[in-house]
Structure formats: C-alpha cells, structure tokens
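Just below is one structure, and these are the notes that go with it.
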C-alpha cells in the first residue's frame, strides 16, 4: 500500500485520468473528491462488497437454474 500525506485542496493522480483531491478534513474524517472517467466505477468499500456479494448470489442462483 502506498501511503501519501496531503493537505486540503491537494490531489493525487492515478493512471493519468483519475484525480483524488482532499476536499475537507474535520477531526478524524477526511472528505475526498474523485474525478474519474464515467466508464470507471467508483464505490465506497462497503458498497463494492455488497455489489460483489449480490453478483455472487446471482451467479449461484443462475447455476442452480441451469442444472434444474
């Protein structure tokens, strides 16, 4: 894992087309702004995990339907 220090209004750039900017810092919370092409999905970790669980559930139910 790469760990970087940034101040408010500073950014990092990933792969020439994703910009992550520190928008605000309040206590132990940091607000990030993320600019990415529309074809690149950006999710919070818990949302991504829920999407992956749903995909796995759908794949499992599809496999069951094909064998029945």
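Look at the range 14-30: where a residue is at negative phi and a partner is assigned to a loop (DSSP other than H, G, I, E, B) and exposed (fewer than 10 other Cβ atoms within 10 Å of the Cβ), sitting 6+ places away or on another chain with Cβ atoms under 9 Å, you get 17/37; 18/37; 22/7; 25/7.
Mind checking which residues of the range 40-57 are within 13 Å of the chain's Cα centre (by Cα) and either over 18 Å from residue 1 (Cβ atoms) or surrounded by 10 or more Cβ atoms within 10 Å (Cβ to Cβ) (or both)?
Passing the criteria: 40, 41, 42, 43, 46, 47, 48, 49, 50, 51, 52.
Any read-out appearing in this document is the output of simple, stated calculations on the displayed coordinates, not a laboratory observation. On a predicted model such as this, the values are computed, not experimentally measured, just so you know. Every residue, glycine among them, receives a Cβ derived from its backbone with ideal geometry; neighbour counts consider all protein chains shown.
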